[in-house]
Every structure is written in C-alpha cells, then in structure tokens.
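Every number in this text was worked out from the coordinates using simple rules, so none of it is lab data. The structure displayed is predicted, hence computed values, not measured ones. Here the Cβ is made from the backbone with ideal geometry for all residues, glycine too, and neighbour counts use every protein chain on show.
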Amino acid sequence: MFPTNVLLAESALERIPKEIANHPSVVSDARRRNKPVSAILLDKTFHYGAMGKLKDKEKRGRPDLVHFALLSVSSTPIYMEKKVKLFVHTIDDKSIEIADGTRLPKHYCRFRGLFEKLLSSGKSDGQVILRGWNVSTLVDKISPSKTFGLSTLGSETTLEKFVSKVLLEKRPCVVVGGFPHGHFSEGTRSVLDEVYRIHSSSLEAHTVLSWLMYELEKQSKNQGLK
Ligand SMILES: C[S@@+](CC[C@H](N)C(=O)[O-])C[C@H]1O[C@@H](n2cnc3c(N)ncnc32)[C@H](O)[C@@H]1O
C-alpha cells in the first residue's frame, strides 16, 4: 500500500569523525577544498590512509554509493508520484527526511555540497531535513505497520513475492543498507520485523532499490491501485 516508506540505513554518509580530524590526508583535502575539516564528508577515496583504525571502517566513507542509491529511488515515476517516502539513516546514527517529491542533485559535487551543508549546519532547505533521531526513533516516527529488512542474511524469497508482501501492508517500511560491505548492526536489526534475501548474490544498494521501485510500480498497476 502507499506510501511505501524506504529507509536507507547505516548509510556511509557522515562528516569527518573527530578521531581522524588531524590526519594529514584529511587536513590537506580540507585545505584543497577550502573548507574546515568539520564541514567535509568522510570519503574513502581521499581519506583512506586516515581510516585504518576507524571502527566499522568497511561500512564507512562511501557517500558516492549513497548518492547512487538515493537517485535510484528519487528518479523513478513512483517516487515522483509521492507513493514512496524516502528516509536516510547515517552510519553515525543521524536521520534525514527527504521531503516528498524532492529532486536530488544528479551531479555528485552538488549532492556532496548539499549534505555537507546539512550535516555541518543542521540547517534545512525544506527538502532535506536533519532529525536528531537514532534508527529506532526514526522507525517509531514513521510508525510502520511492518518493517521489512533486505539483507543477504534474510530468508530466501523472490523480489516478486517480497513486494507482494510489502503491498499487503497498510504502512510498510523497507530497510536497505546504505553501506558498501558488512551487515546491519544490532540496532538496525532490532527494528526489523522480517528480513529477506531477494537474490543469490550480494547486490549493490542502488541495484536493489531500482528493482524494488520497478516491482512496486508494476505490482501496484496490476492491482489497479494506480
Ligand atoms: C552492498 S550491500 C551490503 C552488503 C551486505 N553484505 C549484504 O549483502 O547484505 C547493500 C544493501 O543491499 C541490500 N542487498 C544486497 N544484496 C541483497 C540480496 N541478495 N538480498 C537482499 N538484499 C540485498 C541489503 O539491504 C544490503 O545492506
């Protein structure tokens, strides 16, 4: 049923963590971009040398993947028709609400600038809104009738069967990991009612989300809900 809430959880989108703020690769990147260290996003491409000792480093520093993943939702007809509501939870446990129908920047530099501004100033432009909520508070606020997780550790099913379960719910929420490697943390697992694996391989979040959007649109048309 619509709207279907889609939550990109533990997304690899965060500011430079304090413990590596003085590392030379971080300081030189901030200088090159003419920004304070506290106002730039952690990015493995530039800060790899600094990330060695960070906890959960394999899940962090990939804002480019978060960009693809969000575009895979926000550029679809079903999202533009406001039948999908999009939320981002970050690896450092912040929540971002994307206002209905928001067109996110397609160019990576503009996407990075938008989220750097949001995360460092906390100021909203009305389209991306920073909330001081951890993942469990975010899910409480969404108030889903059922929260579905997608993970390679879930019960095997097909995308078609998964979406038919989602569409049976009054107010479903589907949680996809916004990280490049690894699995959901205990905190995220605790908000999931059911967890499914929809393919034999581990897929990229943007692939999972594109397939999900297409199948939601196809099945909802077949059910005459459109
Ligand atoms: C790059 S993967 C993260 C890697 C993680 N090891 C995994 O396979 O679940 C990003 C997200 O895509 C989703 N995903 C990837 N492959 C999947 C699959 N075969 N079935 C269900 N969800 C999948 C999960 O939500 C996952 O957190």
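Here the label points at Arg32 and Ser121, each 7 Å from Cα along the C-beta direction, are separated by 2.5 nm in the simple model. Computed from point charges on the beta carbon alone (+1 for Lys and Arg, -1 for Asp and Glu), the dipole magnitude for the stretch 18-58 about its Cα centre is near 140 Debye.
Under 16 Å of direct C-alpha separation, and excluding same-chain neighbours fewer than eight residues apart, Lys82 reaches these lysines: Lys170, Lys218, Lys221, Lys226.
Shown is the FRET efficiency for Glu160 and Asp193, computed with R0 = 30 Å from the Cβ-Cβ distance and rounded to the nearest 0.05: 0.90. Loop-located trypsin sites (Lys or Arg not before Pro) in the stretch 192-224 (DSSP state other than H, G, I, E, B) with a sparse environment of at most 11 neighbouring Cβ atoms within 10 Å are absent.
Restricting the calculation to Cα atoms, the chain shows an Rg/Rh of 0.97 when the hydrodynamic-style radius is the Kirkwood one. Annotation for the stretch 9-88: trypsin sites (Lys or Arg not before Pro) lying in DSSP loop with at most 11 further Cβ atoms inside 10 Å of their Cβ are Lys53, Lys55, Lys82. Among Met51, Met80, Met213, the order by Cβ neighbours within 10 angstrom, fewest to most, reads Met80, Met51, Met213.
Each principal axis of the Cα atoms in the stretch 36-102 has its own extent, and those three values, largest first, are 43, 24, 19 angstrom. Which of the three applies to the stretch 18-58, rounded, prolate or oblate, going by the alpha-carbon gyration tensor with a ≥ b ≥ c and a/c under 1.5 meaning rounded? Judged from the Cα gyration tensor, the stretch 18-58 comes out prolate (a/c at least 1.5, a/b above b/c). In the chain, the longest principal axis of the Cα atoms and the axis of helix 159-168 are about 70 degrees apart. As a calculated quantity, the FRET efficiency between Ala39 and Ile129 at R0 = 25 Å, using C-beta atoms, amounts to about 0.85.
Each residue, Lys106 and Gln219, gets one label point 7 Å from its Cα in the Cβ direction; the gap between the two is 3.0 nm.
To the nearest 20 debye, what is the magnitude of the charge dipole of the chain about its Cα centre, counting +1 on the Cβ of each Lys and Arg and -1 on the Cβ of each Asp and Glu? Write out the running numbers ahead of the final one.
On the way: 35 positive and 25 negative charges, 126 e Å.
For this selection, approximately 600 debye.
Under 8 Å for C-alpha pairs, at least 6 residues apart: give me the relative contact order for the chain, rounded to a whole percent. Normalised by residue count, the contact order of the chain is 28 percent. The number of Lys pairs in the stretch 6-70 with C-alpha atoms less than 17 Å apart, excluding pairs fewer than 8 positions apart on the same chain, is 9. Of all DSSP-defined beta bridges confined to the chain, some 30% are antiparallel rather than parallel. Axis angle, to the nearest 10 degrees, between helix 205-222 and the longest C-alpha principal axis of the chain: 20 degrees.
Classify the stretch 127-226 as rounded, prolate or oblate from the Cα gyration tensor: take a ≥ b ≥ c as the square roots of its eigenvalues, call it rounded if a/c is under 1.5, otherwise prolate when a/b beats b/c and oblate if not. List each step's numbers first, then the result.
Working: a/c = 1.62, a/b = 1.18, b/c = 1.37.
The shape class here is oblate.
Considering only Gly182, Trp133, Phe111, and ranking their Cα positions along the charge dipole of the stretch 84-226 that arises from unit charges at the beta-carbon of Lys, Arg, Asp and Glu, the one farthest toward the positive end is Phe111. Each Lys or Arg adds one and each Asp or Glu subtracts one; over the other residues with Cβ under 14 Å from the Cβ of Ser151, this totals -3.
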